[in-house]
Amino acid sequence: VPELPEVETVRRGLADAVTGRRLVVTRVEHPRATRRQPGGPAAFEQLTTGRTIASVRRRGKYLWWTFADDPDHAGSPDALVAHLGMSGQFRLVEPDGGTDDHVRVQWLLDDGRTLVFRDQRTFGWVLMSDLGDSGVPESVAHIGRDPFDPAFDPARTAALLAGSRAGIKRLLLAQRHVSGIGNIYADEALWRAGVHPDTPADRLAPEGCGAVVAAATAVMRQALASGGTSFDPLYVSVNGESGWFERSLDVYGRAGQPCRRCGALIVRERFTNRSSHRCPVCQPAQRP
Ligand SMILES: [Zn+2]
């Protein structure tokens, strides 16, 4: 699953590749990719064809393109929102390049290349959405800023988290007060901060919540800085290069291996429909 560092890398790649490009033709190859679009594939094709990409933005794991003003599309939604889901990827194809069975949407660009959205497992989607006054698409406005956002406020975020009795990991994954922290980096952050995933956020207080968020930010920044090496062939960045990062993870995926801090064996536990990895010594369960 692409996590925040990979999605930010895709955003940078897309921004370099398609800013200023006009979408000459949009073709939806699989209706599931536009399942959120009112009017389905036909509406999505009509709303996007002919538009010029002005910028590529992101909040959490949502990407969006803004479009240059265009009288032919007056009154149409202003942003194309994309979510990569489990396996989504953008790829630029040269004019003589072929496509394949996993292409869900393709856009012929005005420079002769084709941008494709590939998605083997089809959890990803694209949607035309109105840009709100804040410059964030309405379909993205429900999530908080992510730690890579220049306007992210760690102290305010910590205070918001600490105002809840919910378990800290559940709150992080909810994306409401802070976005972009998925299952992998939630586990890594909680290990770094020495916090059990089920600890009520109000018991951590703003200081403890702030430490968890700071740990998540640090580990994701490291991943972004070192990114690029693949271990998952499903995921390819915009240029067709492998985009999965070689993640140097301390707990996620290390069940049964020794904790790098204390040597105790890392445990893997059920967490809603996913799993949590933690060190039973560094991250003990809280007493009720
Ligand atoms: Zn430990």
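Each reported figure results from applying straightforward, stated rules to the coordinates on display, with no laboratory input. A quick note: this is a predicted structure, and the numbers were derived from the prediction, not measured. So basically every Cβ, Gly included, is an ideal-geometry build from the backbone, and we count neighbours across all protein chains shown.
Values for this structure:
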item	result
FRET efficiency, 1/(1 + (r/R0)^6) with R0 35 Å, evaluated for Arg270 and Ser55 via beta carbons	0.30
Estimated distance in nm for a label pair at Arg287 and Asp110, the labels positioned 7 Å out from Cα along Cα-to-Cβ	6.9 nm
Computed label-point distance, nm, for sites Asp100 and Ser76 using a 7 Å Cα→Cβ extension	3.0 nm
Folded to 0 to 90 degrees: helix 183-193 orientation relative to the chain principal axis, Cα	30 degrees
The stretch 56-190: relative contact order as a whole-number percent, Cα under 8 Å and 6+ apart	23 percent
Length added when fully stretched, Ala151-Ser248, from 0.36 nm per residue minus Cα-Cα	32.2 nm
Rel. contact order, % - alpha carbon contacts under 8 angstrom, at least six apart, the stretch 8-113	34 percent
Helix 201-226 axis, angle to the chain major axis (alpha carbon atoms, nearest 10°)	50 degrees
Cβ crowding within 10 Å averaged over residues, with 147-158, 200-211 ranked highest first	200-211, 147-158
Taking the stretch 162-206 and dividing mean pair separation by its residue count, relative contact order in percent (alpha carbons under 8 Å, at least six apart)	58 percent
Two-site FRET efficiency, Ser134 against Asp69, from Cβ-Cβ distance with R₀ of 22 Å, rounded to 0.05	0.75
Degrees between helix 4-18 axis and first principal axis of the chain (Cα, 0 to 90, nearest 10)	20 degrees
Loop trypsin sites (Lys or Arg not before Pro), the stretch 48-125 (other Cβ atoms within 10 Å of the site Cβ: 12 or fewer; DSSP)	Arg121
Net length gained if the chain between Glu207 and Val24 were fully extended (0.36 nm per residue, minus Cα distance)	60.7 nm
